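The next block holds one structure in the form of structure tokens; read it before the comments.
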Ligand code: UDX
Ligand code: UDX
Ligand code: ADP
């Protein structure tokens, strides 16, 4: 029986291992983490992450061939294949601060593997890491190996949150990078055999180590670039009277471009896009490629521009001041169907509005007040470090309150802004909401989920990203 151990029970490690256990009943899978509360939650009815379909998968396998434990060393020692899925935040201090990946957690995991191993192992890099990390890890392992053989593989995960289980069941591809030596290829084959339980052979791609590592950064950079491209167009659409949805539809019909991932928004968020691009930029700079670094940096600059453009539009439309005005914020997670708030554009938008002295009442179906307060008081990049390692911030933002209902959030509000595309925001009773708001009633749709025409008929002044502007908004141009 093959034994798998995964270090790191987070958004990537947890769902991925649950699906491996489901699809490979003969393999024993143990997910370990140093965070006791997280492991306890994985062993309870209230899983630590919200992900559609995850509960069912965990229920079926937990206790059968899927286990969650804090006994990291024991399970690493017993495993044939060790996945490393620890967090790789952006460095906040020292060389490469604000750009380079912080490999502290990775390095300590590698040293621990070397320390406790008594048999040969395949070590699989699962978290996104800079190109050539595998090589560094290989050095740590071989220099501390006491005669044990380690093979390093890179097997980046491409799942997106909110659709993790679907993505794991039917991945576009599985990518495995390994050394081009006989032992390296043997290890690649062993991991391929795991995925072959449910993934068609032609979807399992094998490459060298560095190609696999770089492909993950490149895929995220390309995806983020598409969003920044369509968001840049959205600004031009507002200025010219074109409609970004029509433009996106028209260009997406070109089979070379394709229709997916062209939704204009208030900006992309999530733990991967910005972090991976910053990392790519840093690697380019370190390799003497400033022009390439500059090119990718622009993707992040447009994303920041889009968020501040949204805040400026809101403030300028409301007579250039939101001081003491009530703004209802609908949605805080970085996308729908997740409770994850890492790098959500809602943080920047809310901080912008707080800076202008607005009073915010926030509702998100999956995010609680503690999390929101923590996010709004956190320092840049701290979001990237595990919660249990962060002290709970003693301060709270007094201008912010949180509620569990969209109607309560919007009651008496001067304006609504929609920052996450939750389905329920499409079907709210906007007539009822309008009647309970202050007039003129504004709605700023950062996700293009509402029917602007219908809301205008009710009486709202509506702003939708990249759509032709209301007369009102045209008269109150936003200054950048
Ligand atoms: C991403 C990649 O999709 C995934 O392959 C990788 O493994 C991890 O990073 P994730 O961050 O979970 O996944 O979500 P994704 O669906 O990619 O969305 C990222 C951000 O882009 C969200 O804030 C989303 O709202 C935004 N987005 C996405 C848009 O603004 N417009 C779009 O058209 C698509
Ligand atoms: C382009 C558009 O494709 C077409 O839709 C539009 O109507 C006119 O402009 P064209 O310039 O004729 O058409 O050729 P295209 O095949 O798009 O190639 C443009 C350039 O890009 C060429 O120099 C081509 O060699 C280069 N290219 C294209 C690449 O370097 N790599 C690629 O993957 C594709
Ligand atoms: P991701 O989104 O990449 O899955 P997360 O932050 O959700 O990232 O999860 C990473 C997990 O890795 C955290 O739960 C953290 O406690 C865990 N972790 C970090 N370092 C170690 C380590 N040395 N040993 C075990 N677990 C670790």
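The values are calculated or read from the model by the stated rules, or taken from the named source; none is laboratory data. These numbers were taken from a predicted model, which means no experiment stands behind them. As a convention, Cβ positions derive from the backbone with ideal geometry for all residues, glycine included, and neighbour counts pool all protein chains shown.
The table for this structure:
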item	result
Top-ranked residue in the range 46-69 [being within 16 Å of ligand 3 (Cβ to nearest atom) and closer than 10 Å to residue 30 by Cα; ranked as surrounded by the fewest Cβ atoms within 10 Å (Cβ to Cβ)]	69
Residues within the range 1-43 that are in a loop (DSSP other than H, G, I, E, B), more than 16 Å from ligand 1 (Cβ to nearest atom) and closer than 17 Å to residue 194 by Cβ, tallied	6
Residue list for the range 252-276, filter: within 16 Å of ligand 3 (Cβ to nearest atom) and either in contact with a strand residue (DSSP E or B) (Cβ under 7 Å, 6 or more places away or on another chain) or within 12 Å of residue 222 (Cβ to Cβ) (or both)	273, 275, 276
Of residues in the range 375-386 being closer than 25 Å to residue 128 by Cα and surrounded by 13 or more Cβ atoms within 10 Å (Cβ to Cβ), the one modelled with the highest pLDDT	375
Condition met for residue 167 (without any contact (Cβ under 8 Å) to a residue 60 or more places away in the chain, within 16 Å of ligand 1 (Cβ to nearest atom) and either surrounded by 14 or more Cβ atoms within 10 Å (Cβ to Cβ) or under 27 Å from residue 26 (Cα atoms) (or both))	yes
Residue satisfying all of: in the range 1-15; surrounded by 24 or more Cβ atoms within 10 Å (Cβ to Cβ) and either over 14 Å from residue 69 (Cβ atoms) or more than 9 Å from ligand 3 (Cβ to nearest atom) (or both); nearest to the chain's Cα centre (by Cα) among these	12
Helices (runs of 4 or more DSSP H) wholly inside the range 402-480 that include at least 3 residues being modelled with pLDDT of 95 or more and farther than 15 Å from residue 362 by Cβ	430-435, 452-458
Tally of residues being more than 16 Å from ligand 3 (Cβ to nearest atom) and more than 20 Å from residue 213 (Cα to Cα) across the range 146-193	9
Filter pass, residue 255 being outside the structural domain of residue 349 (by TED's automatic domain parsing) and more than 8 Å from ligand 1 (Cβ to nearest atom)	no
Verdict on residue 323 being more than 10 Å from ligand 1 (Cβ to nearest atom), at negative phi, assigned to a loop (DSSP other than H, G, I, E, B) and assigned by TED's automatic domain parsing to the domain that holds residue 418	yes
Test: residue 27 is touching a strand residue (DSSP E or B) at 6+ places or on another chain (Cβ under 9 Å) and farther than 18 Å from residue 88 by Cβ	yes
Candidate set: the range 25-45, residues that are in contact with a helix residue (DSSP H, G or I) (Cβ under 6 Å, 6 or more places away or on another chain) and in contact (Cβ under 8 Å) with a residue 40 or more places away in the chain; chosen: the one surrounded by the fewest Cβ atoms within 10 Å (Cβ to Cβ)	35
Residue count for the range 439-480, restricted to those that are exposed (fewer than 13 other Cβ atoms within 10 Å of the Cβ), farther than 14 Å from residue 311 by Cα and in contact (Cβ under 8 Å) with a residue 24 or more places away in the chain	1
Conditions (1) in contact (Cβ under 8 Å) with a residue 12 or more places away in the chain; (2) closer than 16 Å to residue 160 by Cβ: number failed by residue 222	(1)
Any chance residue 103 is under 24 Å from residue 44 (Cα atoms) and crowded, with 18+ Cβ neighbours inside 10 Å	no
Residues (buried (at least 24 other Cβ atoms within 10 Å of the Cβ), outside any helix (DSSP H, G or I) and within 19 Å of the chain's Cα centre (by Cα)) located in the range 342-366	344, 364
1 or more residues touching a helix residue (DSSP H, G or I) at 6+ places or on another chain (Cβ under 7 Å) and either assigned by TED's automatic domain parsing to the domain that holds residue 100 or modelled with pLDDT under 95 (or both): qualifying strands (runs of 3 or more DSSP E) within the range 126-239	150-154, 174-178
